[in-house]
1. Restricting the search to region 360-411, which residues are β-branched (V, I, T), part of a loop (DSSP other than H, G, I, E, B) and within 16 Å of the ligand (Cβ to nearest atom)?
2. Could you tell me whether region 441-456 includes any residue that is more than 16 Å from G12 (Cβ to Cβ), of a type in the set (D, E, K, R) and away from the ligand (no atom under 16 Å from the Cβ)?
3. Identify the residue in region 349-378 that is among the hydroxyl-bearing types (S, T, Y) and either at pLDDT below 90 or over 27 Å from I425 (Cα atoms) (or both) and, among all such residues, is surrounded by the most Cβ atoms within 10 Å (Cβ to Cβ).
4. Give the number of residues within region 1-51 that are under 19 Å from R208 (Cα atoms) and either in contact with a strand residue (DSSP E or B) (Cβ under 7 Å, 6 or more places away or on another chain) or crowded, with 18+ Cβ neighbours inside 10 Å (or both).
5. Identify all residues within region 182-207 that are within 11 Å of the ligand (Cβ to nearest atom) and either out of contact with any Phe, Trp or Tyr (no Cβ under 8 Å at 6 or more places or on another chain) or among the hydrophobic types (A, V, I, L, M, F, W, C) (or both); write none if there are none.
6. So V140 passes all but one of these: (1) over 19 Å from the mean Cα position of the chain (by Cα); (2) in contact (Cβ under 8 Å) with a residue 60 or more places away in the chain. Which condition number does it fail?
7. Looking at region 437-492, which of the residues that are modelled with pLDDT under 95 and polar (S, T, N, Q) is nearest to H82 (Cα to Cα)?
8. Every residue in region 126-136 that is among the charged types (D, E, K, R) and either under 29 Å from G432 (Cβ atoms) or assigned to a helix (DSSP H, G or I) (or both), please.
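The values are calculated or read from the model by the stated rules, or taken from the named source; none is laboratory data. All values derive from a computational prediction rather than experimental measurement. Don't worry about glycine lacking a Cβ; one is built from the backbone with ideal geometry, like all the others, and counts go over all protein chains shown.
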Amino acid sequence: MTKELPTNFLWGGATADFQYEGGYDEGGRGPSTHDYETNGSPEHPRHHTMKMPDGRIINPKSSFLDAEDVPEDAKPVWLEDHYYPSHQAVDFYHHYKEDIKLMAGMGFNVYRFSIAWSRIFPNGEETEPNKEGLKFYDNVLSELEKYHIQPLITICHDEMPVHLALKYDGWNSRKVIDFYVKYAKTLFEHFGNRCKYWLTFNEINAVRGFGPSGVHKATGLSRYQAAHNMFVASAKTVSLGHKLMPHSQFGTMYALSTCYPATCKPEDVFHNQAELRENWYFVDTMGRGYYPRYADEILQHHGVKGLSEIKMDPSDKQTLKEGQLDFIAFSYYRSNTSKAGDAWFNVGGSANPYLEKTPWGWGLDPLGLRYTMNMIYDRIQKPIFIVENGMGAIDKPDDKGYVKDDYRIDYLQKHLSAMADAINIDKVPCIGYTMWAPIDLISLSTGEMKKRYGFVYVDMDDLGHGSLKRIPKKSYGWMKHIIETNGKALDE
Ligand code: BGP
């Protein structure tokens, strides 16, 4: 069966503001939750630097803290001798013209990027948006339009103005719903006629970094209360977006790297079914507009009695029903395994002995992508959109800065072929594919630069040193050929 894709298929790449944009204190941008996170590595997890009420500075050992470890009035701080990668990232803020030209050079017709909430509303509570912030994204959109690349905008990629996180406890507070909807409305009024596809949240099922002080990992009741408030915020935004922009299409993005039973022992298979529901809880609620029948069971895995413990407004039911998503967007990187007795929501899962791994231990599983696409569409009969997929690897440039990344080409060749089979053979409707990430950027999990994903090398090290020069890798030319043949060349 041919790998050629339908003519209107969207090809592109995806980035997130705090990993890519930089310019953290320029153009009136306010501080955002990720700005306080240091660089790290698999051996030394990233951490937030926090000033405790008694003046002590603590460096928590992990990226996210348990709520009880940090008092409410602790404040995130920047320390001289620490490096905070989001501040410069790889400086898209000043390189956007060059970067978009490079994307156009590969034939992209879509580019997924996130807007930094604190660039539009620096503390989140202002009544008027920051004009300079809007102007920056106006410029980005104009540059995209020059090359006929359509935007796919992520309204919120794992971050928020730090002020909202500190004052309101992030998504634990319903008040944040209104600030978010106001922010989204501003984007719609300003960019609405220039953007068709929108994502309300990134990897919403990770409920990441929004809790107390914006740095806690949301656990137990706070995780599911935050999720509920995000569901409501998303649904309100979708309804508003449809009203203001009748041609708009909305998705939310889920992390759906999949999980298989570790063995065919029925207990392992049954455990794995429940493990998968940890993610379906999010997809089902937002894709169908109501909580699934197994919701209480999921909550009980996390020490919560059931939905009855979550604070809801009587109008929420109707809001969720009305604000259903138009398409299901997801990230897919790898697969894991689970077995009876494993901890619930064992995100990293256990390794699969049948799979090769990246240097960061991520199991390479192209067929898992086809499997996941089928699973999603079987469940929610709405078009899907693959908005993140890619391979973090250690690239070794030659003395001219050129990287021969055959391993990345191999990864993409196999994953894109699996995607084409899901579309052409299994008939899964898929709007497009945005590879993570077209230009090298900062890793979310480790804050490293050396975990590189791009078609384009960026001359910068883990501590932000380097010329920031952009140099296309071997995969750049390969991807260009795949796009110009609309996938047909995957057979070559
Ligand atoms: C997803 C995030 C992205 C991105 C990607 C790769 O979870 O949505 O922001 O970073 O994973 O992960 P990492 O950067 O940790 O390699």
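1. Within region 360-411, I394 is the sole residue that qualifies.
2. There is no residue in region 441-456 that is more than 16 Å from G12 (Cβ to Cβ), of a type in the set (D, E, K, R) and away from the ligand (no atom under 16 Å from the Cβ).
3. T358
4. Residues in region 1-51 being under 19 Å from R208 (Cα atoms) and either in contact with a strand residue (DSSP E or B) (Cβ under 7 Å, 6 or more places away or on another chain) or crowded, with 18+ Cβ neighbours inside 10 Å (or both): 22 in total.
5. Within region 182-207, L199, F201, N202, I204, A206 meet the criteria.
6. (2)
7. For region 437-492, the residue satisfying everything is T446.
8. Hits for region 126-136 are K131, E132, K135.
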